[in-house]
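This report refers to the structure that appears directly beneath it.
The values are calculated or read from the model by the stated rules, or taken from the named source; none is laboratory data. For clarity, every value in this text was computed on a predicted model and none was experimentally measured. We place every Cβ from the backbone using ideal geometry, glycine too, and count neighbours over all the protein chains shown. Side chains are part of the model used for accessible areas, which takes the heavy atoms of the whole protein and leaves out ligands, DNA and RNA. Shrake-Rupley method; radii C 1.70, N 1.55, O 1.52, S 1.80 Å.
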Amino acid sequence: MYILGISCFYHDSGACLIKDGQLVAAALEERFSRKKHDFSFPHAAIAFCLEEAGIDISAVDHVAFYEKPVLKFDRILSQHLEMFPRSFLPFFLALPSWFNEKLRLRHILRKKIGYRKNVLYIPHHLSHAASAFYVSPFEEAAVLTLDGAGEWQTSTLGIGRGQQLQQLAEINFPHSLGLLYSAVTAYLGFKVNNDEYKVMGLAGYGKPRYLEKLRKVIDVKDDGSFALNLEYFSFHYGMRMFSKKFEEEFGPARKPETEISQDHQDMAASMQVLLEEIIFKICRHLYEITKVDKLCFAGGVALNSLLNGKLFKHTPFKEIYIQPEAGDGGGCLGAAFYAYHAVFDQPRSFVMEHAYWGPQYTRAEMKQFLDDSGIKYKEYADENSLLAGVAKLIKDSFVIGWLQGRMEWGPRALGARSILSNPTNPKMQEILNVKVKHREPFRPFAPAVTAEKANEYFQGDEVVPMPADFMLMVYPVRPDHRDKIPAVTHVDGTGRLQTVRRKQNPRYYDMIKAFGELSGYPILINTSFNIRGEPIVCTPRDAYRCMMGTGIDYLLMDKFLIARADNPNDMWDSEQYAHD
Amino acid sequence: MGMVKEFLKSLREGMKQFADMVADSVNLLLLLAVYFVGIGLVSIVAKLSGKHFLDIGRQSRQSYWQKIEKRPERNSFYRMF
Ligand SMILES: [Fe+2]
């Protein structure tokens, strides 16, 4: 049985295909369309999934969509009815898209991909919950979902047992932790639904001075349930996230691209601490009502790796699973697996142990691209010379673009479409920022470490949980190593590590080890392979274009090594066009 | 012949732009009517009778969790609502 999962029309559209309960392929549309956070119908991602399975649309038995459009429309309409006439502008901007596409999925499926069979509409938070539980290694788990908003739900507690997944409690729009975090993101001058991780990075620099004041905007109970004081917000009727009253309380909002002050850092720290406090309470309550010590966590809030790294310390949970695409793009995965297990009553047999579910390119395809484009390159004769050669380049602080195997599923580069460099060089952060990333100095780079060595360098949980493989846990770097790997140690002494197991990605793992033999540290800087403001690269062409438009020194794809300096005619300056 | 073709092409483009403009204007009028007559009237009547569409009140409760007792029926997944 083939089930095609689809999420789209809000942010980050994506598609996945499962066959008899096994994931075949999954990808975000932005990687193909090259539009960051593309939320349009995932035409190219669907085409890729079908091609990967070697089928056409007629072989797909069911399509599962990640939410119930009419229920969501009901919520939007309720907002306008409640907030009339203040909701005038959003009404005009948003309503046409509801009638042109959001409420016409069947028509779009027929027209764009020729699909005429049944469509299953799985509620948004049930899709989130399923996207974590059904692909987790747990037979039984407590399930927590937190995001901005689905149809009505913004937070749910649940329990999964075998094929059964049951929601136990909910909090509905407009009361939302995701929207609260986004409101503070907007207040700090960053982009909503894009820059929340910047607030997380900024939090490391601040003291939670505004924590007591922030408590005014949200009423939190001992069981972690909460209600926003809506006088401080305007997301439910306006184009802005926060109201005038919020600014009266906390001072004027930061204008985008202006200087970041200590106040801004303190606000970020306060928001992060408040979020953690609330979620620890929610988790303790969830444990109380389920008595299960395994947790599956999904929804955009589950991407807050700083929070995730502290969960075991502050809650009774002993094991955790978070799927690499915990946000809305991953809803398609949950919808497809929910349909298979819960609706069609089929047994579970799949665990998502790695994130490599996107397209890959053969050696012959890469060679043809290089030859046809007249690109100068060399090819390593064997694996050992590749590992030794590239490890030496990294040790010499060159910046390496790394395209290997199937593209990652989810927002993080995890060693398939990554930029790798030397974490032991104290100047590396600066070098990367000048050459490639041009990003705010407060944002740390992430370390990739071999899984068995993680505890040697990081004060993580005793058994480092699987979400760390997806870069979803932040842990303190052990104090005696902090000045040895400065480029990946955040100002607060933490690192957002990726643990790498050989069975997931042998060449990447061996590369980290080879660098460890040269430098004494089996750790690499791993940052996403993209031009600022663009999605992560997908194809060899994207990767080459990215290297030539930035200061990346070498590109390694399969065993081909391409030096930027050897191809001066193709150089261009991506910064002219870059935008965050 | 080339000039005639060019003229017809420009004419077609102009007509299309005009048609788009008319369609946009009609849409705008329709949206205005829906918002101010449809949404507006219902909203005013609801407010007069004390009905709320969103939970924006600030009454403190013991817990804000709402229990979910009902399990969705299998057929409900084929519906958009
Ligand atoms: Fe969501």
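Note on residue A:220/residue A:166: beta-carbon distance plugged into 1/(1 + (r/R0)^6) with R0 of 41 Å gives a FRET efficiency of 0.95.
Phi angles of the stretch A:565-575 translate, via the Karplus equation with coefficients 6.51, -1.76, 1.60 and θ = phi - 60°, into HN-Hα couplings of 5, 7, 10, x, 5, 9, 5, 8, 10, 5, 5 Hz per residue; Gly and Pro are given as x. Would you kindly give the portion of the calculated P(r) for the protein assembly as shown that falls above 42 Å, as a percent of all Cα pairs? Tail of the P(r) past 42 Å holds 26 percent of the pairs. Buried accessible surface for the A/B chain pair comes to about 4200 Å², total over both chains, computed with a 1.4 Å probe. Ignoring aspartates and glutamates fewer than eight residues from residue A:245 along the same chain, the ones with Cα atoms less than 20 angstrom from its Cα are A:82, A:212, A:219, A:231, A:263, A:266, B:55. Suppose R0 equals 41 Å; then what is the FRET efficiency for residue B:62 and residue A:310 from their Cβ-Cβ distance, rounded to the nearest 0.05? Here the calculated transfer efficiency is 0.90.
Simple rule: put +1 on each Lys or Arg Cβ and -1 on each Asp or Glu Cβ in chain A, find the dipole, and look at A:370, A:92, A:115; the Cα lying farthest toward the positive end is A:92. Placing a pseudo-label 7 Å from each Cα along the Cα-to-Cβ vector at residue A:106 and residue A:255 gives an inter-label distance of 5.1 nm.
Accessible surface of the stretch A:26-132, 1.4 Å probe: 57 percent of it comes from carbon and sulfur atoms.
Surface exposure of the stretch A:363-577, expressed per residue as accessible area with a 1.4 Å probe, stands at 37 Å².
In the frame of its principal axes, the stretch A:211-257 has Cα extents of 38, 24, 19 Å, reported largest first. Checked against a 25 Å cut-off, the cross-linked pairs A:111/B:16; A:112/A:367; A:503/A:559 give Cα-Cα distances beyond that limit for A:112/A:367. Protection proxy ranking, highest mean first, for peptides A:234-247, A:138-151, A:406-419, A:534-547: A:406-419, A:138-151, A:534-547, A:234-247, where packing is the per-residue count of other beta-carbon atoms within 10 Å, averaged. In the assembled protein chains, residue A:553 presents an accessible area of approximately 30 Å² (probe radius 1.4 Å). Among all the lysines, which ones have a C-alpha under 23 Å from residue A:484's C-alpha, if same-chain residues fewer than 8 places away are not counted? The qualifying lysines are A:392, A:395, A:427, A:435, A:437, A:453, A:513. Residue separation of residue A:35 and residue A:58 scaled by 0.36 nm, minus their Cα-Cα distance, works out to 5.4 nm of gained length. Taking label points 7 Å from Cα along the Cα-to-Cβ direction, residue B:78 and residue A:350 give a separation of 2.4 nm.
For residue A:291, a cut-off of 19 angstrom between C-alpha atoms picks up these aspartates and glutamates, skipping any fewer than 8 places away in its own chain: A:139, A:140, A:170, A:222, A:223, A:319, B:69. Solvent-accessible area of residue B:71, all protein chains in place: 120 Å² (probe radius 1.4 Å, heavy atoms, ligands and nucleic acids excluded). Taking max minus min of the alpha-carbon positions on each principal axis, the stretch A:295-352 gives extents of 38, 23, 16 Å, largest first. Taking the helices alone, chain B has a mean residue ellipticity at 222 nm of -17500 deg cm²/dmol, built from -39,500 (n - 2.57) per DSSP H run of at least 4 residues and averaged over all its residues.
With θ taken as phi - 60° and the Karplus curve 6.51 cos²θ - 1.76 cosθ + 1.60 applied, the whole-hertz 3J(HN,Hα) list for the stretch A:34-39 is 6, 10, 4, 6, 3, 10 Hz, x standing for glycine and proline.
With n ≥ 4 as the cut-off for DSSP H runs, can you work out [θ] at 222 nm for chain A, using -39500 (n - 2.57) per run divided by the number of residues, rounded to the nearest 500? Roughly -9500 deg cm²/dmol at 222 nm, from the helical runs in chain A.
Taken over the Cα atoms of the stretch A:364-467, the convex hull encloses 168 Å³ per residue.
Protein-only accessible surface at a 1.4 angstrom probe places the residues A:12, A:570 in the order A:570, A:12, largest first.
Other protein chain C-beta atoms within 10 Å of residue C-beta, averaged over B:30-40: 4. Which Cα, out of A:206, A:171, A:238, lies furthest along the positive dipole direction of the stretch A:170-293 (beta carbon charges, K/R +1, D/E -1)? Working it through, the farthest residue towards the positive pole turns out to be A:238. One chain, two ends: residue A:51 and residue A:288. Fully extended at 0.36 nm per residue, the span grows by 80.7 nm beyond their Cα-Cα distance. Taking label positions 7 Å along the Cα-Cβ direction at both residue A:239 and residue B:29, the computed distance is 2.6 nm, reported to one decimal.
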